[in-house]
């Protein structure tokens with residue numbers, strides 16, 4: 001009980017957000033608008049049966065997050081195989097650095113970014129040699 005099973009990303013521009021996450025992480029989408037009555041896309045983050053969860057992408061219902069403030073919601077972090085390659089994709093596709101790469105000593109490399117919609121997310125590259 002209480003295990004996360006779904007996430008949602010709120011976007012000012014749904015198509016721009018879909019493109020960003022598809023280019024950076026290879027995510028795909030299923031149109032669920034017929035069920036919700038508004039633009040809503042299911043986010044498929046990986047193959048069925050592999051670790052992780054799928055989510056949703058929808059139009060933002062309120063104000064965009066303000067720059068320079070801490071996150072005011074859960075921050076979703078994606079595990080990646082190559083930190084530097086993924087960071088390059090993030091920046092090439094319009095993302096920006098929120099908190100640069102740092103070592104979780106003996107465990108992983110971690111950092112936080114801002115997507116094209118102003119949302120903070122993290123990337124995590126397991127590496128026992130991180131220091």
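Here's a check for you: in the stretch 68-81, which residue that is loosely packed, with under 12 Cβ neighbours inside 10 Å and either in contact with a strand residue (DSSP E or B) (Cβ under 8 Å, 6 or more places away or on another chain) or touching a residue at least 60 places away in the same chain (Cβ under 8 Å) (or both) is farthest from residue 27 (Cα to Cα)? Explain how you work it out, then say what you get.
First, the residues of the stretch 68-81 that are loosely packed, with under 12 Cβ neighbours inside 10 Å: 68-70, 72-74, 81.
If we keep only those that are either in contact with a strand residue (DSSP E or B) (Cβ under 8 Å, 6 or more places away or on another chain) or touching a residue at least 60 places away in the same chain (Cβ under 8 Å) (or both) too, we end up with 74, 81.
Working: 74: 20, 81: 15 Å.
So, considering only residues that are loosely packed, with under 12 Cβ neighbours inside 10 Å and either in contact with a strand residue (DSSP E or B) (Cβ under 8 Å, 6 or more places away or on another chain) or touching a residue at least 60 places away in the same chain (Cβ under 8 Å) (or both), the one farthest from residue 27 (Cα to Cα) is 74.
Just checking, does the stretch 114-121 include any residue being more than 15 Å from the chain's Cα centre (by Cα) and either assigned to a strand (DSSP E or B) or at negative phi (or both)? Explain how you work it out, then say what you get.
From the stretch 114-121, those more than 15 Å from the chain's Cα centre (by Cα) are none; that's our starting set.
Checked against the condition, which is being more than 15 Å from the chain's Cα centre (by Cα) and either assigned to a strand (DSSP E or B) or at negative phi (or both), the stretch 114-121 yields no hits at all.
Counting only residues that are in a helix (DSSP H, G or I) and more than 25 Å from residue 81 (Cβ to Cβ), how many does the stretch 12-22 have?
Here is the first cut: in the stretch 12-22, the residues in a helix (DSSP H, G or I) are 14-22.
Restricting the remaining residues to those that are more than 25 Å from residue 81 (Cβ to Cβ) gives 14-16.
Result for the stretch 12-22: 3.
Any chance you could count how many residues in the stretch 23-71 are assigned to a helix (DSSP H, G or I) and over 22 Å from residue 3 (Cβ atoms)?
Taking the stretch 23-71 first, the residues assigned to a helix (DSSP H, G or I) are 23-25, 33-36.
Then keep just the ones that are over 22 Å from residue 3 (Cβ atoms); that gives 23-24, 33-36.
Counting residues in the stretch 23-71 that are assigned to a helix (DSSP H, G or I) and over 22 Å from residue 3 (Cβ atoms) gives 6.
Could you look through the stretch 72-102, keep only residues that are part of a loop (DSSP other than H, G, I, E, B) and in contact with a helix residue (DSSP H, G or I) (Cβ under 8 Å, 6 or more places away or on another chain), and pick out the one that is nearest to residue 120 (Cα to Cα)? Please lay out each step first, then the result.
Kept after step one, since they are part of a loop (DSSP other than H, G, I, E, B), are these residues of the stretch 72-102: 72-75, 80-82, 93-95.
With in contact with a helix residue (DSSP H, G or I) (Cβ under 8 Å, 6 or more places away or on another chain) added as a condition, the list becomes 80, 93-95.
Details: 80: 16, 93: 15, 94: 13, 95: 10 Å.
The qualifying residue nearest to residue 120 (Cα to Cα) is 95.
Just wondering, is there one or more residues in the stretch 90-101 that are surrounded by 17 or more Cβ atoms within 10 Å (Cβ to Cβ), in contact (Cβ under 8 Å) with a residue 60 or more places away in the chain and under 13 Å from the mean Cα position of the chain (by Cα)?
Yes - at least one qualifying residue is present in the stretch 90-101.
Which condition does residue 30 not pass, out of (1) modelled with pLDDT of 95 or more; (2) more than 30 Å from residue 128 (Cβ to Cβ); (3) touching a strand residue (DSSP E or B) at 6+ places or on another chain (Cβ under 9 Å); (4) surrounded by 13 or more Cβ atoms within 10 Å (Cβ to Cβ), if it passes all the others?
For residue 30, the failing item is (4).
The values are calculated or read from the model by the stated rules, or taken from the named source; none is laboratory data. This structure is a prediction, so every number in the text was calculated from the model and none was measured. Cβ sites come from the backbone with ideal geometry, for glycine too, and all protein chains shown count toward neighbours.
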